[in-house]
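Trainee: Sending over a structure as structure tokens; questions will come in a sec.
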Amino acid sequence: MEAMATLTRNFRVLWFGSLITDLGNAMTLPFIVLYIQTLGDYSTTQLNFLGAAAFAVTYACKALVAPLWGRLADQKGRKLMCLRASGMMTLTILGVGLAPNVIVLLILRAAQGAFSGYINNANALISITVPAEQRGQWLSKLVTGSISGTLMGPLLGSLLANTVGYRGAFVATSSLMALVFVMTWWGVQEKVTAVSRATLPPLRPILHQLGGRFICALLTSLLVVQATTNAITPLLSLLVGQLAPQATAQTIILMTGIVAAAPGLATILMAGRVGRILDRLGAGRWPLLSYFFDFSDC
């Protein structure tokens, strides 16, 4: 009974943390390029490049350091990794909101990616504490937190940008991440079994056991899914502006938020059903189905 109570409390806190984390990431979608435009005199081509760079540098740094954080999570626990991610996200988002120029903005976006990982570690923490036969349902419910953030983020970001300005929206997002840090530190309990670096199995034999073809197929699939999903993200506001040339800046921001939020709404509606199907079919068959139906976030 106590274990279930701890699991439930952890789940609620991590669900909220996942919501705010992706909300913070998605809040900038409607206006990041427009915000960059206020930091200098740039052409449309330059804005396209800088907007794409502001997103790409975050994910590139995240990919580079992910193995390091994963190994550290095995040694120190997932809660500490969630605290690291939420704490640094608080500081970097605030810094982006106060950035004097685009160079500082890009550096802070890179740091945000390098120290990210709240949602991944939240998923891992829940995954290792729930019964195996219920893992799909719990994780599918947990993902509704991040997807809800993806859904609400663009809309909330649009409203904040139109009311308190671009910089005010970043400050508000930073405050929410600080709340996540406090709630995770106070509300999440994890029993960490310390693992020394010497006892950790080397990575190469594990990859060999899984099979090179499987690893390549998995990584390629993830790369293609993420690339196609995020390819137009930095350019949405410019595209909406081209489709509605007579619209005001406030209208463009709001319309971009609605467009960016639409996929999240669809995923929320399907997440519970997808989790039950995943438990019945097994995880091995799910990637194949996700190619035909875009359930890549479930």
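The values are calculated or read from the model by the stated rules, or taken from the named source; none is laboratory data. Being a predicted model, the structure only gives us computed values, none of them experimental. For neighbour counting, all protein chains shown are included, and Cβ atoms are generated from backbone atoms with ideal geometry for every residue, glycine included. Each accessible area value is taken on the protein alone, full model and side chains, heavy atoms only, with ligands, DNA and RNA left out. Shrake-Rupley method; radii C 1.70, N 1.55, O 1.52, S 1.80 Å.
Trainee: Go through (1) at pLDDT 90 or above; (2) touching a helix residue (DSSP H, G or I) at 6+ places or on another chain (Cβ under 6 Å) for residue 52 and report which single condition fails.
Mentor: Only one criterion in (1) at pLDDT 90 or above; (2) touching a helix residue (DSSP H, G or I) at 6+ places or on another chain (Cβ under 6 Å) is unmet by residue 52, namely (1).
Trainee: Taking interchain pairs and intrachain pairs at least six residues apart, which have beta carbon atoms under 7 angstrom, with the first residue in segment 1-19 and under 20 Å from residue 182 (Cβ atoms) and in a helix (DSSP H, G or I) and the second among the aromatic types (Phe, Trp, Tyr) and open to solvent by 60 Å² or more (accessible area, probe 1.4 Å)?
Mentor: Pairs found: none.
Trainee: Examine segment 47-66 for a residue that is closer than 27 Å to residue 154 by Cβ and of a type in the set (Lys, Arg), and state whether such a residue exists.
Mentor: yes
Trainee: Let me ask something additional. With (1) closer than 25 Å to residue 142 by Cα; (2) open to solvent by 50 Å² or more (accessible area, probe 1.4 Å) as the list, and residue 37 as the residue in question, which single condition is left unmet?
Mentor: (1)
Trainee: For residues that are closer than 15 Å to residue 175 by Cα, of a type in the set (A, V, I, L, M, F, W, C) and touching a Leu at 6+ places or on another chain (Cβ under 6 Å), tally how many sit in segment 91-116.
Mentor: Matching residues across segment 91-116 total 1.
Trainee: Can you work out which of the residues in segment 40-61 that are of a type outside the set (Phe, Trp, Tyr) and outside any helix (DSSP H, G or I) is most open to solvent (accessible area, probe 1.4 Å)?
Mentor: Looking only at segment 40-61, we keep the residues that are of a type outside the set (Phe, Trp, Tyr), and these are 40-41, 43-48, 50-54, 56-58, 60-61.
Filter again for outside any helix (DSSP H, G or I), leaving 40-41, 43.
On the way: 40: 31, 41: 150, 43: 55 Å².
It comes out as 41.
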